[in-house]
Amino acid sequence: MLLFALAFLGGVLTIASPCILPVLPFVFARAGQPFLRAGLPMLAGMAASFALVATLAAVAGGWAVAANQYGRAAAMVLLGLFGLALLVPRLAERLTAPLVSLGGRLSQSAEGDPSGIAASVLLGVATGLLWAPCAGPVLGLILTGAALNGATIGTSLLLLAYAAGAATSLALALLVGGRVFAAMKSTLGIGEWARRGLGALVLAAVGAIALGLDTGPLTRLSLAGTSTLEQGLIDRLSPTPPPGPAMMAGGDGNPAMMSANPAMMSGNPAMMAGKGASEAAALPVEGALPSLEGATDWLNSPPLTAEGLKGKVVLIDFWTYSCINCLRAIPYVRAWAEKYKDQGLVVIGVHAPEFAFERDLGNVRQAAAGLNIAYPIAVDNGYAIWRAFKNRYWPAHYFVDAQGRIRHHHFGEGGYEESERVIQQLLAESGSPSVATGTVDVKATGAEAASNVREVLSPEAYIGFERAENFVSPGGIVSDASHVYAAGEPRLNEWGLVGDWTVTKQHARLNAAEGGLVFRFHARDLHLVLGAAAGEPIPFRITIDGAAPGEAHGMDVNEKGEGVLTGQRLYQLVRQKGAIADRTFEIRFLAPGVDAYAFTFG
């Protein structure tokens with residue numbers, strides 16, 4: 001129930017969000033009509049159509065997005081005719097073309113005709129197709145959960161609760177607006193001019209939506225700090241985040257995206273360094289090992305089952321190969337697999353993709369080989385194992401005893417000594433003789449090296465328009481269309497594009513040579529998740545504060561800042577030495593066809 005309350009409150013807050021502006025004229029065009037026959041049916045239609053379309057968009061893939069585009073076009077035509085009928089009713093009567101007369105009938109039917117309820121619902125459905133709310137933390141939580149957990153009644157109900165919250169705040173505004181409209185009409189005699197003014201606003205709103213202003217500039221405005229308010233609600237209604245850095249589902253560091261099982265939120269605090277195997281009570285039973293049958297493929301091993309693993313101590317590691325947090329944890333997982341393989345430990349990596357290219361089995365196989373992973377990997381492209389564990393993190397480690405029971409877990413980086421002592425305790429409990437003592441000494445290099453956490457002041461930044469933030473190129477992001485961008489003037493943690501790019505939901509694709517990205521950051525390391533659309537090598541060069549990186553170059557570039565994009569993966573481009581300060585990073589690609597996904601820092 002807390003999630004539904006959170007979704008409803010998040011929707012209520014949209015009244016203060018700039019992205020509600022384009023649909024306000026559609027709603028207030030009903031201000032002069034009876035609320036129960038005009039306003040309420042319209043808002044109900046808006047909420048229902050938004051919930052349906054958002055559910056399909058989150059779980060159904062490209063066909064649903066394409067269908068929604070046709071629906072949006074039809075809705076813009078319908079509401080445009082509605083606005084025209086409000087603005088120039090005599091013209092609507094003279095131009096008796098079927099569509100124009102339809103618009104006229106819709107604008108008048110709610111005034112006295114009982115069938116006006118159906119017309120208002122139809123207008124509401126059209127409004128819901130056009131409404132593109134600013135994706136704040138609450139809506140991001142719902143949509144990301146939908147994408148990872150699949151189509152469920154719960155997903156649709158959460159989206160409906162969000163839309164109902166927005167409709168509630170709009171209903172209150174509409175009731176107040178209706179009284180004002182009635183007073184103006186009776187005392188000032190300006191009802192006709194008010195009607196025409198609303199018609200003009202409806203046409204202006206349709207034009208703004210057609211130009212993409214609802215998903216472009218308005219998403220970057222903050223009229224009332226709704227994101228801060230939403231995050232505050234999430235923080236109050238959610239458990240605390242894990243102790244170590246982690247990429248959460250959605251990658252936005254949102255603590256509300258943790259496991260739905262409160263008992264699984266954190267490892268056992270009593271299991272600290274120095275606790276011995278005799279203190280078995282320090283590791284409670286957290287649940288049974290879920291089924292592994294949902295894996296779409298297996299690497300380095302035939303398929304394994306929960307039943308077949310009984311008698312073994314098992315470590316389950318959820319990871320994805322472009323996740324910097326996962327890459328920094330893998331050296332420890334790899335070392336444990338090697339150290340304890342003859343003592344009864346089985347390590348299973350569950351590869352659950354974040355980006356589309358991580359679903360490619362060849363890419364996963366190549367990444368595993370490059371990371372020297374020899375233990376079994378369950379490829380979880382359908383998130384079946386992810387959902388069975390109720391997992392929400394990359395990386396996430398689950399420790400299973402010889403009886404098939406989860407006894408401990410750890411989310412994110414760090415806690416490696418504690419985790420290894422858990423392995424030792426579970427091996428001792430299983431009856432394994434001469435369990436190795438001490439902890440592994442890992443000397444990680446490159447992207448696998450531990451983060452300099454105290455100096456990381458820059459958060460992960462996504463480039464696709466679905467989760468892009470702090471974008472400063474003039475004119476904003478133009479979604480799903482080729483556009484020539486200029487860098488802008490980024491301040492700390494702001495970024496921009498340079499050149500001809502097409503920004504899609506998950507990434508941006510470069511359409512012409514010499515395009516690039518600029519980011520103002522504060523961290524020791526800078527990484528960029530990149531891919532080549534055609535699979536051909538693409539040379540690039542980077543600068544830091546306008547100069548070659550020199551000794552600050554990452555493992556994927558030389559001192560001159562030169563590198564070559566050779567595959568779809570995370571590239572380490574900056575590794576600074578000495579004092580860390582705010583720096584401006586820029587990368588330029590010498591050929592088109594680059595796909596850029598996300599910046600990460602360390």
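When you look at residue 434, is it modelled with pLDDT under 90, in contact with a helix residue (DSSP H, G or I) (Cβ under 9 Å, 6 or more places away or on another chain) and on the phi > 0 side of the Ramachandran plot, yes or no?
On the way: modelled with pLDDT under 90: yes; in contact with a helix residue (DSSP H, G or I) (Cβ under 9 Å, 6 or more places away or on another chain): yes; on the phi > 0 side of the Ramachandran plot: yes.
Yes.
Within region 560-582, which residues are in contact (Cβ under 8 Å) with a residue 40 or more places away in the chain and open to solvent by 60 Å² or more (accessible area, probe 1.4 Å)? Write out each step before concluding.
Quick first cut of region 560-582, residues in contact (Cβ under 8 Å) with a residue 40 or more places away in the chain only: 567-576, 580-582.
Passing the criteria: 569, 582.
Can you spot a residue in region 302-322 that is out of contact with any Ser or Thr (no Cβ under 7 Å at 6 or more places or on another chain), among the aliphatic types (A, V, I, L, M), farther than 23 Å from residue 401 by Cα and surrounded by fewer than 24 Cβ atoms within 10 Å (Cβ to Cβ)? Before you say what the answer is, go through the steps one by one.
Within region 302-322, the first condition is being out of contact with any Ser or Thr (no Cβ under 7 Å at 6 or more places or on another chain), and the residues that meet it are 302-305, 307-312, 314-322.
With the extra rule that they be among the aliphatic types (A, V, I, L, M), the set shrinks to 304, 309, 314-316.
Within this subset, residues satisfying the condition of being farther than 23 Å from residue 401 by Cα are none.
Looking for residues that are out of contact with any Ser or Thr (no Cβ under 7 Å at 6 or more places or on another chain), among the aliphatic types (A, V, I, L, M), farther than 23 Å from residue 401 by Cα and surrounded by fewer than 24 Cβ atoms within 10 Å (Cβ to Cβ), one finds none in region 302-322, hence no.
Taking the stated definitions as given, is residue 557 part of a loop (DSSP other than H, G, I, E, B), crowded, with 21+ Cβ neighbours inside 10 Å and of a type in the set (A, V, I, L, M, F, W, C)? If you could, list the steps in order and put the result at the bottom.
Values: part of a loop (DSSP other than H, G, I, E, B): yes; crowded, with 21+ Cβ neighbours inside 10 Å: yes; of a type in the set (A, V, I, L, M, F, W, C): yes.
Judged against the criteria, residue 557 is a match.
Evaluate the following for residue 430: is it farther than 15 Å from residue 336 by Cα and in contact (Cβ under 8 Å) with a residue 24 or more places away in the chain?
Numbers: farther than 15 Å from residue 336 by Cα: yes; in contact (Cβ under 8 Å) with a residue 24 or more places away in the chain: yes.
Answer is yes for this residue.
Scan region 341-369 for residues that are surrounded by fewer than 23 Cβ atoms within 10 Å (Cβ to Cβ), of a type outside the set (Gly, Ala, Ser) and over 28 Å from the mean Cα position of the chain (by Cα) and jot them down.
341, 342, 343, 346
Quick one: which strands (runs of 3 or more DSSP E) sit completely within region 449-545 and have at least 2 residues that are over 30 Å from residue 414 (Cβ atoms)?
Values: elements: 482-485, 495-503, 508-510, 516-521, 525-532, 538-544.
Result: 482-485, 495-503, 508-510, 516-521, 538-544.
Given 510, 517, which one is open to solvent by less than 10 Å² (accessible area, probe 1.4 Å), at pLDDT 95 or above and farther than 11 Å from residue 586 by Cα? It would help to see each step written out before you state the result.
On the way: 517 fails: farther than 11 Å from residue 586 by Cα.
The match here is 510.
Taking the condition of being part of a strand (DSSP E or B), open to solvent by 10 Å² or more (accessible area, probe 1.4 Å) and in contact with a Pro (Cβ under 8 Å, 6 or more places away or on another chain), how many residues in region 583-602 meet it?
Here the count works out to 2.
How many of the residues in region 449-467 are open to solvent by 30 Å² or more (accessible area, probe 1.4 Å) and more than 18 Å from residue 580 (Cβ to Cβ)? Let's see the steps before the verdict.
Within region 449-467, the first condition is being open to solvent by 30 Å² or more (accessible area, probe 1.4 Å), and the residues that meet it are 450, 452-457, 459-460, 465-467.
From what is left, the residues that are more than 18 Å from residue 580 (Cβ to Cβ) are 465-467.
Summing the residues that are open to solvent by 30 Å² or more (accessible area, probe 1.4 Å) and more than 18 Å from residue 580 (Cβ to Cβ) in region 449-467 gives 3.
Can you name every residue in region 374-383 that is open to solvent by 10 Å² or more (accessible area, probe 1.4 Å) and either within 24 Å of residue 426 (Cβ to Cβ) or at pLDDT 95 or above (or both)?
In the first step, residues of region 374-383 are kept if they are open to solvent by 10 Å² or more (accessible area, probe 1.4 Å); the result is 374-376, 381-383.
Within region 374-383, 374, 375, 376 meet the criteria.
Of the residues that sit in region 385-411 and are surrounded by fewer than 19 Cβ atoms within 10 Å (Cβ to Cβ) and out of contact with any helix residue (DSSP H, G or I) (no Cβ under 8 Å at 6 or more places or on another chain), which one is farthest from residue 425 (Cα to Cα)? First the steps, then the outcome.
Taking region 385-411 and keeping what is surrounded by fewer than 19 Cβ atoms within 10 Å (Cβ to Cβ), we get 387-388, 390, 402-405.
Checking which are out of contact with any helix residue (DSSP H, G or I) (no Cβ under 8 Å at 6 or more places or on another chain) leaves us with 388, 403-405.
On the way: 388: 25, 403: 14, 404: 15, 405: 14 Å.
Top of the filtered list is 388.
So, of the residues in region 520-553 that are free of Cβ contacts under 8 Å to residues at least 40 places away in the same chain and under 29 Å from residue 368 (Cβ atoms), which turns out to be most open to solvent (accessible area, probe 1.4 Å)? I'd like the intermediate steps shown before the answer.
Quick first cut of region 520-553, residues free of Cβ contacts under 8 Å to residues at least 40 places away in the same chain only: 535, 537, 545, 547-553.
Subsequent filtering for residues that are under 29 Å from residue 368 (Cβ atoms) retains 535, 537, 553.
Values: 535: 53, 537: 83, 553: 56 Å².
Of everything passing the filter in region 520-553, 537 is most open to solvent (accessible area, probe 1.4 Å).
So the check is Cβ under 9 Å with 6+ separation or different chains; which pairs have a first residue in region 468-481 that's touching a residue at least 40 places away in the same chain (Cβ under 8 Å) and farther than 23 Å from residue 600 by Cα and a second one that's exposed (fewer than 15 other Cβ atoms within 10 Å of the Cβ) and aliphatic (A, V, I, L, M)?
475/486
Take the residues in region 423-448 that are part of a helix (DSSP H, G or I) and more than 17 Å from residue 327 (Cα to Cα), then tell me which one is most open to solvent (accessible area, probe 1.4 Å).
Initial filter on region 423-448 (part of a helix (DSSP H, G or I)): 423-429, 446-448.
Then keep just the ones that are more than 17 Å from residue 327 (Cα to Cα); that gives 423-429.
Details: 423: 2, 424: 33, 425: 4, 426: 1, 427: 0, 428: 45, 429: 76 Å².
Checking each candidate, the answer is 429.
The values are calculated or read from the model by the stated rules, or taken from the named source; none is laboratory data. Just so you know, these numbers come straight off a predicted model, no measurement behind them. Please note: Cβ atoms are built from the backbone with ideal geometry, for glycine as well, and neighbour counts cover all protein chains shown. Ligands, DNA and RNA are stripped out before the accessible areas are found, and what is left, the full protein with its side chains, is counted by its heavy atoms. Shrake-Rupley method; radii C 1.70, N 1.55, O 1.52, S 1.80 Å.
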